[in-house]
Structure formats: C-alpha cells, structure tokens
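Everything below concerns the one structure shown next.
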Amino acid sequence: MRLLNVGNRVVAMRLRLGEKFTLPDRFKGTTVEKWANYWKGLMSDYAEVATSVVKESYARPKRTLIYGTAIVALYQMAKNNPDQYAFSSLLRTQTNRMITLPPEQQNSESSDYLVMLERAINQNKLRLLNLGICTLLWVDMFDEDDCTYPAICEYTTVNYLSFHERIIDVGFWNQYWRLKWKMHNYDVNYL
C-alpha cells in the first residue's frame, strides 16, 4: 500500500510551474534563455532524483533506515568534533584539578602525561589533525616556526608509516579520550 503518491504530485507541480514562468520575447535566443534552460534542466534532474529516492525508500524501508541513521550519526559526529579550543579548556581544567593536590598524592602517570602535553605546547610541537568526525592530536619532531634544514627537509619529516607512533590523543564527541582516561584516577587516594 502506498502512503503517498509522491511521483505524480511532483510531476504535476513541475508542469504547473513550467507553465507559469515564461520568458518575455525580448529574452528569446539570448544568454538569459540559455541560462534559464540550464537551471530548468538542473531542477528537473534534481526533482527526478528526489522522487526516485522517495520511491526507493518506500520499496526498501530497512535500507533507508540504515542510511538515514548513518547520515544522522555522521552529522552529529562532525557537529560534536572537538577543536583546539576544546582541548585547551579541557587541559586547563585537568591541570587545575591536578594542582589542587600535593605532589605526594598525584598519580605519576597522570602528572607525567600533563607535563608531556605542556612541554609539547611550550615547544610548539603539538599539532591537531581534524578528520571531520574526529581529531587526532599528535607531536611533531620540530617547531612550526623552525627554519633549520632538518625541519624543512622532506626526508626528516614524519612519514606516514610512523605517524601512528606520534598520535597522543584522539578527540571524539567533544572529548579527548586519552586525556580523560589518564586523568580518571589522578588522585592516588581516590575512592
């Protein structure tokens, strides 16, 4: 059973709109008519694609549900992808939490990770690679502004095979997960 007769409605609407909008005689045979014909053809192509998508969705509802869910999930991942400001605020928050503890009560793994991040920031070696749905935080070998020969030589840069060794955190869904995991038990007396 068809819930909506979408195809016939779109065709009828297209015909009505085509009859209503006509060019004046002074634009016949000019660039304006060619431009209008181009846009009419483009709109008719998109209308056909839209009707075929709707018809296909009625024919295969499970596939439509899977595609729709995947599109919404990718959109939400891209929308909630953390950036450098989110990392800076999260790092400041975690550093302030760590400072409130005396050094004897600090978890060494958490404090070492924060010190490593702060050194990378101070040396200007920390880089963010935004992949759309997630962000990779990695440490480069040289400063961004370093103009020495080893820094600009293509043979001394980080290659693709060893890039995974330099990744120190992954940002996904407004969180940097390794920083969150390392700071989970930052207090050795945590209950």
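Of note:
- Calculated from backbone phi, Karplus (6.51, -1.76, 1.60) coupling profile of segment 126-135 in Hz, x at Gly/Pro: 7, 10, 10, 10, 7, 9, x, 9, 8, 10
- Those residues of segment 116-140 whose amide nitrogen sits under 14 Å from the label point placed on D146, 7 Å along Cα→Cβ: 120-127, 139-140
- Per-residue 3J(HN,Hα) values for segment 86-97, derived from phi via the Karplus relation 6.51 cos²θ - 1.76 cosθ + 1.60 with θ = phi - 60°, read 5, 5, 4, 5, 5, 5, 4, 4, 5, 5, 5, 5 Hz in sequence order (x marks Gly and Pro).
- Exposure proxy order (Cβ contacts within 10 Å, fewest to most) of C134, C153: C153, C134
- Dimensionless Rg ratio for segment 84-182, taking C-alpha atoms and the 2.2 N^0.38 Å reference: 1.19
- Residue separation of D187 and E104 scaled by 0.36 nm, minus their Cα-Cα distance, works out to 28.9 nm of gained length.
- Helix-only arithmetic for the chain: the sum of -39500 (n - 2.57) across DSSP H runs with n ≥ 4, divided by the residue total, places the mean residue ellipticity at 222 nm at -18000 deg cm²/dmol.
- Computed on the Cα atoms alone, the convex hull of segment 50-98 gives a volume of 78 cubic angstrom per residue.
- Of the residues A86, T51, Q106, the one whose Cα sits farthest toward the positive end of the charge dipole of the chain, with +1 on the Cβ of Lys and Arg and -1 on the Cβ of Asp and Glu, is T51.
- Basic side chains Lys and Arg get +1 at the Cβ, acidic Asp and Glu get -1 at the Cβ, and with that the dipole of the chain about its Cα centre reaches some 1720 debye.
- Peptide ranges 86-99, 45-58, 154-167 listed from the most packed, as the mean C-beta count within 10 angstrom indicates: 86-99, 45-58, 154-167
- Normalising the average separation of contacting C-alpha pairs (under 8 angstrom, six or more residues apart) by the number of residues puts the relative contact order of the chain at 22 percent.
- Structure-derived Cα extents along the principal axes in Å - corresponding label in [x] 84, 51, 31; [y] 52, 37, 33; [z] 78, 49, 29: [x]
- Comparing T135, T22, T100 in a Gaussian network model of the chain (Cα springs below 10 Å), the most mobile by mean-square fluctuation is T22.
Read-outs: derived from the displayed coordinates by stated rules, not from any lab. Since this is a predicted model, take the numbers as computed values, not measurements. With ideal geometry, Cβ positions are generated from the backbone for all residues, glycine too; neighbour counts draw on all protein chains shown.
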